[in-house]
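The values are calculated or read from the model by the stated rules, or taken from the named source; none is laboratory data. Everything numeric here is computed off the predicted structure, so don't read it as measured data. Please note: Cβ atoms are built from the backbone with ideal geometry, for glycine as well, and neighbour counts cover all protein chains shown.
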Amino acid sequence: MDKGKFLYEGKAKRVYRTADPNQYIVSYKDDATAFDGQKKGTITDKGVVNNLVSAHFFKLLEQEGVPTHFVELLNDREMTVRAVRIVPIELVVRNVTAGSLAKRLGLDEGIELDEPVVEYYYKSDELHDPLINCSHIRLLKLAEPEQLTTMREMALKVNDFLKKYLDARNIILIDFKLEFGVTEGEGRLILADEISPDTCRFWDKQTREKLDKDRFRRDLGGVEEAYQEILRRLLG
């Protein structure tokens, strides 16, 4: 499928139209940002890893009955996706204390939670993606109640599947971010964006070594190696 008109560029991806108005081409970049864009850099072949890993997860989730925007893997850096209107809510599912949760609640990192914690963030660069609750979502009319219920149910289903799948590959799924979109025309709610080392925290099961974007955020070194290790464990 050929690229059409360039639509927009985000922090990690470029999006193009195609001849089919209901499909876009997403091209993954090597650019890396953290802390609301205050930290910027490049992770060699990050775009390749995120594209291939996201496609891999989307295919598996489709088999598990989770509808996604994924259509086809075009090459190492690009995939075709269904055109959607993104719901301006980011869902974060947490299984182990880390990152902002640990900092916000004064907890040590690495505490396994008795049950997953689901958080909602308002997808707004201007407001720095603030943490919100269901009352805020109703106030701002960000999603219909049934949409929010479905998003939460799908997020927990994704979590259940990925935790088991990754555990078999000696990876702990610490937490992850999901975005959802509504398809053009039929108005179907589906999983969108990406699932990758950029949007998930992955720790090695034995060593608890970080295998995700935290290595970039925290200047831990070995960033490219961590991304490649995730790709190796998932795809061989």
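Please go through the range 113-128 and give me each residue that is over 18 Å from VAL158 (Cα atoms) and among the charged types (D, E, K, R), ordered by number.
LYS123, ASP125, GLU126
Which of the residues that make up the range 86-130 are free of Cβ contacts under 8 Å to residues at least 60 places away in the same chain, among the charged types (D, E, K, R) and not in a loop (DSSP other than H, G, I, E, B)?
If the condition is that a residue be free of Cβ contacts under 8 Å to residues at least 60 places away in the same chain, among the charged types (D, E, K, R) and not in a loop (DSSP other than H, G, I, E, B), then LYS103, ARG104, GLU112, ASP114, GLU115, GLU119 are the ones that fit.
From the list ASP36, ASP76, which one is at pLDDT below 95, among the acidic types (Asp, Glu) and surrounded by fewer than 17 Cβ atoms within 10 Å (Cβ to Cβ)?
When all the criteria are applied, what remains is ASP36.
Quick one: in the range 183-199, of everything that is among the polar types (S, T, N, Q) and within 21 Å of THR44 (Cβ to Cβ), which residue is surrounded by the fewest Cβ atoms within 10 Å (Cβ to Cβ)?
In this case the residue turns out to be THR199.
Quick test for you: out of GLY65, GLY41, pick the one residue that is surrounded by fewer than 17 Cβ atoms within 10 Å (Cβ to Cβ) and either of a type in the set (Asp, Glu) or under 23 Å from ILE230 (Cα atoms) (or both).
On inspection, the qualifying residue turns out to be GLY41.
Of the numbered conditions (1) within 22 Å of GLY10 (Cα to Cα); (2) of a type outside the set (Val, Ile, Thr); (3) surrounded by 21 or more Cβ atoms within 10 Å (Cβ to Cβ), TRP203 satisfies every one except a single condition; which is it?
Answer for TRP203: the failing condition is (1).
If a residue counts only when it is over 23 Å from ASP129 (Cα atoms) and polar (S, T, N, Q), which strands (runs of 3 or more DSSP E) contained entirely in the range 23-80 have at least 2 such residues?
23-28
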